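Single-structure report; data block below.
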């Protein structure tokens, strides 16, 4: 069925639910799994230096991916970890799915509606609308 599943995470509890669901699905179909987290590039108007910003983003990504690695080990699924840097996490996720030849993206949605969704945006909605592969949204 699915041979290569992409699991995006931002380190939140909600995204961890999507990760667990995706790992369970991957185990049931013996699929390959890549987990991606997307960090923000250095903002031009920042009090931080480029090096301190980059190091902080790298540490955050490592912490996020380590937590997923622990969950995957408990479930018994082998994963590949990937970190990308992009202003738009959704674009980075869609690009990674294309580049890696993934045939499914499994991700969580925070379920925001109305004004909060308009103000905060929805990376999941962006991925769903731009992805050329199926997207399974976990709530």
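What the table below lists for this structure:
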{"item": "Equivalent ellipsoid semi-axes, the chain, via Cα gyration tensor eigenvalues times 5, rooted, Å", "result": "24, 18, 14"}
{"item": "The chain: relative contact order in percent, alpha carbon pairs under 8 Å with at least 6 residues between", "result": "33 percent"}
{"item": "Relative intensity, log₁₀ I(q)/I(0), of the range 1-62 from a Debye sum that treats every alpha carbon as a point, q = 0.11, 0.14, 0.19, 0.28 Å⁻¹", "result": "-0.37, -0.53, -0.74, -1.10"}
{"item": "Segment residue 45-residue 59, length gained on full extension (0.36 nm per residue, minus Cα span)", "result": "2.9 nm"}
{"item": "In degrees, nearest ten, helix 89-100 long axis to first principal axis of the chain (Cα)", "result": "50 degrees"}
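Coordinate-derived values only; no laboratory data. All of these numbers come straight from a predicted model, not from anything done at the bench.
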